[in-house]
Amino acid sequence: MILLYIFICSFVLSLLLIPMTIRIGMKFNILKPAKNHIGKPCIGGAGIYAAFLAGILTSLFFIRLPVVKLTAIIFSSLIIIIVGLIDDIKDLRPFLKIAGQLLGILILMAFGFSTKIVFIPVWLNMVITAAWILFITNAFNLLDIMDGLTAGLVVIISLSLLAVAFLNKDIFSCAILAALIGSYLAFLKYNYPPAKVYMGDTGSLFAGFLLAVIAINISYAPVDRKVALLTPILAMSLPIYDTLFLIAMRIRKKNPIFNKTRDHFALRLVAMGCSIKKSTWIMYGFSAFLALAAITMAFSKNLTGLVVIIVVGLVFILMGKRVGMVNIED
């Protein structure tokens, strides 16, 4: 019931706050061009964060959450939100965006957040933590290229992690994920194609950062099931794959990796003849398949987990080969 309350609180507040971000964006001309060349507000992520934060903080009246962990989440994610807002208002150079993200990660690790892989040293756990959060944060940022896409995937991926956290009785992770699902699901009402507002870097960076953090906070594997450690990677394998696919396509075309191109997996589906909505739902369906695979892996024996990895890997290879052959004009 507490999780339901957190979800409803964040959902309702997001429904109310997103129209405010639309008006603010229009008033101060914080816009990004749409296909029809009419600018649309791109600071919806600020409303998402406010709704998320309110949902979590009001839940403290009914449930006890670890103070240190919650403080770490609030302060580190606030840094990410500030970086995203600045980038939405005036484009930041990639170096400055990365520097801001690293600051948020350092704050998080200063509060004790890191992977806890028992068979590697502490320093390596910290390196893995920083690399993981940085990669996933930017993977979601890169994924935000189509109306409704990123918000929907955030909800699906969060649901898969919520299922694992709930079965492991991880109340803290459940609370964070419930608030995240509520705020992004409500945002999807305004972002579903044709979108009225974009989440901008504010919303995409925040989603990636928070999901990366919660993914390493959840416990997955007892000593005899090491393959379950791959659960968070599998849950978020679509944004990971899209990022690696994008890099591979740019290298193949001899384009600089950091230059913007239309080589994204979802945009290639559009180039194949799918509508924006159909492409979005194909991505939703693929993400749901990966979510079920991740949940299966989290509670299966090593052999079953390996079979899941092989099946998912084959699917990715086949889809990548098919979609990678599509010609894209940048």
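Overview of values
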item	result
Length-normalised contact order for the chain - Cα pairs under 8 Å, 6+ apart - percent	23
Accessible area expressed per residue, the chain, with surrounding protein chains retained (probe 1.4 Å, Å²)	47
Around Leu57: net Lys/Arg minus Asp/Glu count, Cβ-Cβ under 15 Å	+2
Cα-Cα separations in the range 180-263 greater than 15 Å, expressed as whole percent	72
Modelled label reach - Trp281, point 7 Å along Cα→Cβ, the range 180-211 residues with backbone N closer than 16 Å	192-194
Local electrostatic count at Ile22 - Lys and Arg +1, Asp and Glu -1, tallied over other residues with Cβ under 15 Å	+4
Cα gyration tensor shape of the range 1-160, rounded if a/c is under 1.5, else prolate or oblate by comparing a/b with b/c	oblate
Ile74-Leu229 pseudo-label distance in nm [points 7 Å out on the Cα-to-Cβ vector]	3.4
Gain on full stretching of the segment that runs from Val311 to Ile247 - 0.36 nm per residue minus C-alpha separation	20.7 nm
For the range 164-317, average projected area of the Cα convex hull in nm²	10.4
Debye equation applied to the C-alpha atoms of the range 173-217, log10 I(q)/I(0) at 0.16 Å⁻¹	-0.46
Set of lysines with alpha-carbon distance to Lys97 below 22 Å, sequence-local pairs under 8 removed	Lys32, Lys260
Helical mean residue ellipticity (222 nm; -39500 (n - 2.57) per DSSP H run of 4+; nearest 500) of the chain	-24000 deg cm²/dmol
Filter on Lys278/Lys321; Lys169/Lys226; Lys196/Lys253; Lys90/Lys278; Lys116/Lys226; Lys69/Lys226 - keep pairs with C-alpha separation over 23 Å	Lys196/Lys253; Lys90/Lys278; Lys69/Lys226
Full-extension gain in nm, Met20 to Phe135, via 0.36 nm per residue minus C-alpha separation	38.3 nm
Euclidean distance of C-alpha centroids, the range 257-274 and the range 111-130, integer Å	35
Normalised per residue, the volume of the convex hull around the Cα set of the range 217-279 (Å³)	140
Portion, in percent, of the accessible area of the range 1-76 that falls on carbon or sulfur, probe 1.4 Å	76
Rg over Rh, two decimals, the range 101-201 (C-alpha only, Kirkwood Rh)	1.03
Carbon + sulfur, % of accessible area of the range 187-330 - ligands and nucleic acids excluded, 1.4 Å	69
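The values are calculated or read from the model by the stated rules, or taken from the named source; none is laboratory data. In this text the structure is predicted, and so the values were computed from the model without any measurement. Positions of Cβ are backbone-derived with ideal geometry, glycine not excepted, and every protein chain shown enters the neighbour counts. These accessible areas exclude ligands, DNA and RNA; they are computed on the full protein's heavy atoms, side chains included. Shrake-Rupley method; radii C 1.70, N 1.55, O 1.52, S 1.80 Å.
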